[in-house]
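The values are calculated or read from the model by the stated rules, or taken from the named source; none is laboratory data. All values derive from a computational prediction rather than experimental measurement. Positions of Cβ are backbone-derived with ideal geometry, glycine not excepted, and every protein chain shown enters the neighbour counts. Accessible surface is based on the protein model in full, side chains and every heavy atom, while ligands, DNA and RNA are left aside. Shrake-Rupley method; radii C 1.70, N 1.55, O 1.52, S 1.80 Å.
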2 protein chains.
Amino acid sequence: MRVVIARCQVDYAGRLTAHLPMATRVIMVKADGSVLVHSDGGSYKPLNWMSPPCTLREEVAEDGVTEWTVSAAKSDDTLRIRIEKVLHDTSHDLGVDPGLRKDGVEKHLQELLAEHTTTLGEGMSLVRREYMTAIGPVDLLCRDAAGAAVAVEIKRRGEIDGVEQLTRYLELMNRDPQLRPVRGVFAAQEIKPQARVLAEDRGIRCVVVNYDELRGIDDPSLRLF
Amino acid sequence: MRVVIARCQVDYAGRLTAHLPMATRVIMVKADGSVLVHSDGGSYKPLNWMSPPCTLREEVAEDGVTEWTVSAAKSDDTLRIRIEKVLHDTSHDLGVDPGLRKDGVEKHLQELLAEHTTTLGEGMSLVRREYMTAIGPVDLLCRDAAGAAVAVEIKRRGEIDGVEQLTRYLELMNRDPQLRPVRGVFAAQEIKPQARVLAEDRGIRCVVVNYDELRGIDDPSLRLF
DNA sequence: AGGTCAATCTCGCCT
DNA sequence: AGGCGAGGTTGACCT
């Protein structure tokens with residue numbers, strides 16, 4: 001890992017062209033040759049970058065200006081960095097990172113709801129998770145108290161595209177004489193008003209689920225019986 | 001901008017929880033207090049981070065281990081960094097960045113197609129760009145050789161959600177006696193097979209457009225007449 | 001401020 | 001390897 005702080009001008013040409021005027025920025029060069037150009041603001045996205053696999057060529061022009069050319073290995077994307085003045089330049093061997101452990105995403109929510117289907121409606125029981133259809137897997141297939149099929153789409157945040165997804169599944173599943181009629185349930189930790197309106201307009205029930213509460217139900221140490 | 005290279009352990013708690021075991025990494029602290037933790041690989045996304053607005057508190061524990069606590073201003077997201085050993089620590093004032101100039105994205109493609117509507121079909125003419133409907137603007141409203149309305153959705157890469165978007169527009173527009181019947185055209189530089197199947201199943205025509213070719217047509221220096 | 005949509009998206013999973 | 005969906009998405013633009 002090399003970190004350079006320098007006054008530089010950056011030009012990218014590839015899927016689009018992008019230009020950064022001369023200014024002071026941080027340039028990170030990773031062990032795999034990839035390059036990130038960061039300013040002192042914005043979020044985690046660099047102003048400009050080159051993803052691996054790529055190669056970095058360093059040249060010094062006649063006028064003494066250093067120019068870096070970073071070329072992508074699989075396309076003709078290039079990043080050109082003209083360096084006017086280097087304020088800082090340091091390199092360190094970081095080694096291979098042990099990597100990130102995550103918890104609490106949609107998959108976990110699906111597991112919890114699969115175990116506690118009554119959260120989705122009284123008398124609801126699970127048929128199977130990831131029920132496969134021709135256009136993709138439905139998160140949960142259930143049966144309600146009356147024995148009718150219910151397709152459940154689970155999102156962390158419920159937005160319009162999730163309702164569209166569920167609608168496509170329902171349209172397809174309702175053509176299957178073995179299954180129909182199939183109702184839809186849209187379950188999320190939070191459902192945007194527009195998504196709720198669209199869902200309810202299509203006869204899809206919206207269920208807001210409390211992740212912490214579900215996790216609490218599921219936590220053996222919190223069970224009383 | 002402060003750049004620290006250190007052996008550290010990182011824990012994030014917020015929308016999810018994430019843990020990074022002790023290892024050597026680069027930590028960037030931007031002027032607005034935001035923090036990025038990078039390893040020597042991956043793409044531009046940090047292993048862990050805190051977006052602004054946030055505050056950074058630095059504490060030294062009894063055992064001499066430094067702990068940074070980065071807290072988001074608007075939520076209770078926190079990033080905890082335990083620093084075992086600092087290999088490098090430098091700060092520089094970068095000033096405000098003049099910012100990025102981009103060219104060649106979807107908007108430009110829309111401009112080009114608006115000027116060359118025959119690319120979308122013989123005898124096609126433009127009615128207007130960004131034709132407003134109750135659920136949002138249709139990229140292009142055209143009329144075909146026979147004078148019938150055509151709604152055009154433009155994407156750089158044509159995927160299913162683009163077809164859904166166009167379908168919603170068509171459904172709405174076909175309720176308008178002034179407009180109907182309205183046909184749909186899905187135009188993109190590249191159309192994914194699944195999106196094409198869905199579009200054609202719904203009677204939407206798919207048109208693959210060549211951006212460079214269109215730009216060539218539009219470039220005055222390349223015009224012969 | 002909030003909603004919508006694109007992105008040089010990145011990342012992970014699955015076929 | 002390619003397709004597909006999610007993201008602590010981020011960012012830009014509009015209302």
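Among the residues of the range A:24-39, count how many are within 13 Å of A:Cys8 (Cβ to Cβ) and facing chain B (nearest Cβ under 7 Å).
So the answer is 7.
Taking the residues in the range B:165-191 that are within 20 Å of the chain's Cα centre (by Cα) and open to solvent by 10 Å² or more (accessible area, probe 1.4 Å) as candidates, determine which candidate is nearest to A:Gly162 (Cα to Cα). Show your work before the answer.
Taking the range B:165-191 and keeping what is within 20 Å of the chain's Cα centre (by Cα), we get B:165-166, B:186-191.
If we keep only those that are open to solvent by 10 Å² or more (accessible area, probe 1.4 Å) too, we end up with B:165, B:189-191.
Numbers: B:Gln165: 13, B:Gln189: 26, B:Glu190: 24, B:Ile191: 22 Å.
Top of the filtered list is B:Gln165.
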Look at the range B:105-120 and say how many of its residues are away from DNA strand D (no atom under 13 Å from the Cβ) and facing another protein chain (nearest Cβ under 7 Å). 0
Log entry, pairs with first residue in the range A:61-73 being closer than 16 Å to A:Ser51 by Cβ, second being of a type in the set (A, V, I, L, M) and open to solvent by 30 Å² or more (accessible area, probe 1.4 Å), beta carbons closer than 9 Å, six or more apart or on different chains, reads A:Trp68/A:Leu56; A:Thr69/A:Leu56; A:Val70/A:Leu56; A:Ser71/A:Leu56
Just for the range A:1-19: of the residues that are at pLDDT 95 or above and facing another protein chain (nearest Cβ under 7 Å), which one is nearest to the chain's Cα centre (by Cα)? A:Met1
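For the subset of the range B:66-76 comprising residues that are away from DNA strand C (no atom under 16 Å from the Cβ) and out of contact with any Lys or Arg (no Cβ under 6 Å at 6 or more places or on another chain), which member is modelled with the lowest pLDDT? Don't jump to the end; show me each part of the working.
Start the filter on the range B:66-76 by keeping residues that are away from DNA strand C (no atom under 16 Å from the Cβ), which leaves B:66-71, B:76.
Retained after the next criterion (residues that are out of contact with any Lys or Arg (no Cβ under 6 Å at 6 or more places or on another chain)): B:66, B:68, B:70-71, B:76.
Working: B:Thr66: 95, B:Trp68: 97, B:Val70: 96, B:Ser71: 95, B:Asp76: 84.
Selected residue: B:Asp76.
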Take the range B:40-95 and flag every residue that is surrounded by 14 or more Cβ atoms within 10 Å (Cβ to Cβ), of a type in the set (Asp, Glu) and more than 8 Å from chain A (Cβ to nearest Cβ). B:Glu67, B:Asp77, B:Glu84
Testing A:Gly147 on (1) without any contact (Cβ under 8 Å) to a residue 12 or more places away in the chain; (2) within 15 Å of DNA strand C (Cβ to nearest atom), one condition comes back false. Which one is that? (2)
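Every residue, every condition in (1) in a strand (DSSP E or B); (2) at pLDDT 85 or above; (3) not assigned by TED's automatic domain parsing to the domain that holds A:Gln189, yes or no:
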position: A:Ile83; (1), (2), (3): yes, yes, yes
position: A:Ala114; (1), (2), (3): no, yes, no
position: A:Gly123; (1), (2), (3): no, yes, no
position: A:Val127; (1), (2), (3): yes, yes, no
position: A:Glu164; (1), (2), (3): no, no, no
position: A:Thr167; (1), (2), (3): no, yes, no
Please find, within the range B:197-217, the residue that is most open to solvent (accessible area, probe 1.4 Å) out of those that are within 14 Å of chain A (Cβ to nearest Cβ) and closer than 19 Å to B:Gly121 by Cβ. B:Arg202
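Matching residues to (1) in a strand (DSSP E or B); (2) buried (at least 20 other Cβ atoms within 10 Å of the Cβ); (3) away from DNA strand D (no atom under 15 Å from the Cβ):
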{"site": "B:Met132", "(1), (2), (3)": "yes, no, no"}
{"site": "B:Pro137", "(1), (2), (3)": "yes, no, no"}
{"site": "B:Gly147", "(1), (2), (3)": "no, no, yes"}
{"site": "B:Lys155", "(1), (2), (3)": "yes, yes, no"}
